[in-house]
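Notes for the one structure printed next.
The values are calculated or read from the model by the stated rules, or taken from the named source; none is laboratory data. All of these numbers come straight from a predicted model, not from anything done at the bench. Every residue, glycine as well, gets a Cβ built from its backbone with ideal geometry; the counts of neighbours run over all protein chains shown.
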Amino acid sequence: MESKSLLISVNSRVLLELVDFSGEVEQSEFTLVNTKQADFQSGLLDENTPLAKVLLGRQAGEVVAYTLGDLKEIRILHVEPAGGQISGEGAEKRRAAVQKAEAQSEITSQMIFSTASGSKWGDYEVNMDKLLDDDDQTRTSSSDDSLQSS
């Protein structure tokens, strides 16, 4: 089957040229997936993103106006069915990244408090071991929760 006749849908592998207002062109390749599978760094684009919504139902050879940020248009170069099984790890990777950021934020907040409170509240020392243990327990319980829901 020729790629020109395939319509872009979820689980389509797509090769694009992104054209900005200065005329610069950047190629991008990804697979459209559902939200739980999405992981843009791994080339898995959520079907609910503005870009995916514009592409759904189109085919190779089309040029689509797309004025978001500094982009002016998208050229669809190639469309094919995604080969093989697509992992559902995207949501889990994002969840782990958020938990790590939250833990780092808590450490930073406590360190700022400890330096700002010395004169007003007395000595305050950040217990890094406890913070890091709490973070590990949060990750462990989150993993346990996801296993139970499977």
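Specify the residue that is farthest from GLU62 (Cα to Cα); the eligible residues are those in segment 10-26 that are loosely packed, with under 14 Cβ neighbours inside 10 Å and not charged (D, E, K, R). Please lay out each step first, then the result.
Step one: filter segment 10-26 for residues loosely packed, with under 14 Cβ neighbours inside 10 Å, giving 20-26.
Add one more test, that the residue is not charged (D, E, K, R), and what stays is 21-23, 25.
Numbers: PHE21: 18, SER22: 20, GLY23: 18, VAL25: 16 Å.
If we take residues in segment 10-26 being loosely packed, with under 14 Cβ neighbours inside 10 Å and not charged (D, E, K, R), then SER22 is farthest from GLU62 (Cα to Cα).
Quick check on my filter: what residues within segment 76-113 are at pLDDT below 70, of a type outside the set (D, E, K, R) and surrounded by 12 or more Cβ atoms within 10 Å (Cβ to Cβ)?
Across segment 76-113, the qualifying residues are ILE86, SER87, GLY88, GLY90, ALA91.
Is one or more of the residues making up segment 52-69 over 20 Å from the mean Cα position of the chain (by Cα) and among the aromatic types (Phe, Trp, Tyr)? It would help to see each step written out before you state the result.
Start the filter on segment 52-69 by keeping residues that are over 20 Å from the mean Cα position of the chain (by Cα), which leaves 57-67.
So of that shortlist, the ones also among the aromatic types (Phe, Trp, Tyr) come out as 66.
The answer is yes, given that some residue of segment 52-69 is over 20 Å from the mean Cα position of the chain (by Cα) and among the aromatic types (Phe, Trp, Tyr).
How about segment 27-49: which of its residues are touching a residue at least 24 places away in the same chain (Cβ under 8 Å), in a helix (DSSP H, G or I) and loosely packed, with under 14 Cβ neighbours inside 10 Å?
Passing the criteria: THR35, LYS36.
Restricting to segment 53-75, name every residue that is surrounded by fewer than 19 Cβ atoms within 10 Å (Cβ to Cβ) and among the hydrophobic types (A, V, I, L, M, F, W, C).
VAL54, LEU56, VAL63, VAL64, ALA65, LEU68, LEU71
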